[in-house]
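K.L.:
Mind looking over this structure? Questions follow.
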Amino acid sequence: AKELGRDNYQYYAGVLTPAVADRLDLMNKLRIAIEARQLALHYQPKIDLLSGRIHSAEALIRWQHPAQGMISPADFIPLAEETGLIMPIGEWVIHTACAQAMQWLMLGHQPIRIAVNISPRQLHHGDLAQIVKTALDETGLPPSLLELEITESMMMHNMETSIATLHQLKAMGVYLSVDDFGTGYASLSYLKKFPVDCLKIDQSFVRDIAIDRDDAAIVKAIISLGHILNLSVIAEGVESLEQASFLQQNACDCAQGYYFGRPVSNEAFTLLLDTPAKL
Ligand code: C2E
Ligand code: CA
Ligand code: CA
Ligand code: CA
């Protein structure tokens, strides 16, 4: 493949392998998906382990393809990231999530913070702070009700600009979380440099906490570390009462996972906001 320009690639007949053809096909469909409104956000509750109540919601993108059905973000976000399509998609996600949280607020529910996943390209190559500011201005959502989930490895890449961008967002009053915590390589001294509010323990450590002593010890250590640094700690991938109880007993602040609720449509999540606590 010979690069012609930003978005133009020319493929010579001989090198168009099936894998490349599949990816091109997916990319073209994804371009159409944005226009054709095939993308939607689903929302998964994050539960406050003290009260058992919904504390916030993570927005997770879904692609409903008319012929292929639901396509998982794991199958198209990496491609969108590589091709740059993540920029318009990411902007749409931020705007839609803010508008949804504002709608919940206006419906008179308790204030629900909305968490949005940010991709590496959005953090490193876009004007993320400006995009977020525009979304907040246009929807009227208070900045403290917007949370951005940024992975540990993203923060460690391009550190200077990452730190600067995160400080801009922090100054606006946006809440910042470190996603997939424990899977990257942020050292403690680095962690202190980032103006984050919350550590999100990766689900790979949570899976076996009830049966694996090492995982249990790691999760306890991350909770202590977070609290020493004055950060809130949430565990993701919580699927059982045993896991939830372990986290509650070890003073983890929040939990998220199928045990408390799967990602659901905005309508279904709105109904959830009226149902009683599960702990
Ligand atoms: P993530 O941010 O780590 O999100 C957590 C994933 O775990 C989600 O998968 C969620 O549905 C799933 N999950 C939640 N609870 C449980 C549980 O109890 N057990 C198990 N096994 N899984 C659980 P999903 O929705 O397929 O998203 C996958 C990844 O795609 C996300 O991982 C995130 O990296 C990315 N992603 C999703 N939406 C967006 C988006 O709007 N923008 C960007 N940049 N990335 C997104
Ligand atoms: Ca996330
Ligand atoms: Ca995660
Ligand atoms: Ca992940």
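K.L.:
As a test of understanding, state the convex hull volume per residue of the range 65-177 from its alpha carbons, in Å³.
P.N.:
In the range 65-177, the Cα hull volume divided by residue count equals 115 Å³.
K.L.:
My understanding is that a pair violates if its Cα-Cα distance is over 20 Å; which of 170/192; 29/133; 133/170; 46/133; 133/192; 133/193 do that in this structure? Numbers along the way, then the final one.
P.N.:
Working: 170/192 14 Å; 29/133 30 Å; 133/170 12 Å; 46/133 24 Å; 133/192 25 Å; 133/193 23 Å.
Beyond 20 Å: 29/133; 46/133; 133/192; 133/193.
K.L.:
Follow-up question, since we're still on this one. Tell me, what is the 1.4 Å probe accessible area of residue 151, in Å² to the nearest 10?
P.N.:
30 Å²
K.L.:
In square nanometres, what is one fourth of the surface area of the convex hull spanned by the alpha carbons of the range 140-268? Intermediate values should be presented prior to the final figure.
P.N.:
On the way: hull surface 34.9 nm².
Reported value for the Cα convex hull: 8.7 nm².
K.L.:
Per q in 0.13, 0.17, 0.26 1/Å, what log10 I(q)/I(0) does a Debye calculation on the alpha-carbon atoms of the range 104-169 return?
P.N.:
Ignoring solvent entirely, the Cα scatterers give -0.40, -0.63, -1.18.
K.L.:
Between residue 204 and residue 92, how many nm apart are label points set 7 Å from Cα along the C-beta direction?
P.N.:
In this crude spin-label approximation the distance works out to 3.1 nm.
K.L.:
Per DSSP H run of n ≥ 4, the term is -39500 (n - 2.57); total these for the chain, divide by its residue number, and report the mean residue ellipticity at 222 nm rounded to 500 deg cm²/dmol. Please report the intermediate quantities before stating the final value.
P.N.:
Numbers: 12 runs with 129 residues, N = 279.
About -14000 deg cm²/dmol.
K.L.:
Under 8 Å for C-alpha pairs, at least 6 residues apart: give me the relative contact order for the chain, rounded to a whole percent. Don't jump to the answer; show the numbers that get you there.
P.N.:
Numbers: 443 pairs, mean separation 50.9, N = 279.
Contact order relative to length: 18 percent.
K.L.:
Give me the extension gain from residue 134 to residue 37: residue separation times 0.36 nm, minus the current Cα-Cα distance, reported in nm with one decimal. Walk me through the numbers on the way to the answer.
P.N.:
Details: separation 97, 0.36 × 97 = 34.92 nm, distance 2.11 nm.
Here the segment from residue 134 to residue 37 would lengthen by 32.8 nm.
K.L.:
What is the ratio of the Cα radius of gyration of the range 22-88 to 2.2 N^0.38 Å, with N the residue count, to two decimals? Spell out each step's value before the answer.
P.N.:
Working: Rg = 15.0 Å, N = 67, 2.2 N^0.38 = 10.9 Å.
Taking N as the residue count of the range 22-88, the ratio is 1.38.
K.L.:
Would you mind getting the accessible area per residue of the range 68-203, heavy atoms of the protein chains only, 1.4 Å probe, in Å²? Could you put the intermediate results ahead of the total?
P.N.:
Working: 5640 Å² over 136 residues.
Ligands and nucleic acids excluded, the result is 41 Å² per residue.
K.L.:
Once you have the Kirkwood Rh of the range 215-279 from its Cα pairs, apply Stokes-Einstein at 25 °C and 0.890 mPa s and quote D in µm²/s.
P.N.:
Values: Rh = 13.0 Å.
Reported coefficient: 189 µm²/s.
K.L.:
Using 7 Å Cα-to-Cβ label points, what is the residue 167/residue 249 separation (nm, one decimal)?
P.N.:
Inter-label distance under the simple model: 4.4 nm.
K.L.:
Also, I was wondering about something else. Work out the length of the dipole vector of the range 24-167 about its Cα centre, built from +1 on the beta-carbon of each Lys and Arg and -1 on the beta-carbon of each Asp and Glu, and round it to the nearest 20 debye. Each step should come with its number before you reach the end.
P.N.:
Working: 9 positive and 15 negative charges, 81 e Å.
Using Cβ point charges on Lys, Arg, Asp and Glu, the range 24-167 gives about 380 debye.
K.L.:
Using only Cα atoms, locate the centre of the range 140-156 and the centre of the range 41-70, then give the distance between them in Å, rounded to an integer.
P.N.:
Distance between centres, Cα-based: 16 Å.
K.L.:
Suppose each label sits 7 Å from its Cα in the direction of the beta carbon; what would the residue 103-residue 189 distance come out to in nanometres?
P.N.:
4.8 nm
K.L.:
Which whole number in µm²/s is D for the chain by Stokes-Einstein, with the Kirkwood Rh taken over Cα pairs at 10 °C and 1.306 mPa s? Intermediate results must be reported in sequence, preceding the final value.
P.N.:
Values: Rh = 19.9 Å.
Stokes-Einstein gives a translational diffusion coefficient of 80 µm²/s.
The values are calculated or read from the model by the stated rules, or taken from the named source; none is laboratory data. Remember, predicted model here, so these are calculated numbers, not experimental data. We place every Cβ from the backbone using ideal geometry, glycine too, and count neighbours over all the protein chains shown. Just the protein is used for accessible areas: all its heavy atoms, side chains included, with ligands, DNA and RNA removed. Shrake-Rupley method; radii C 1.70, N 1.55, O 1.52, S 1.80 Å.
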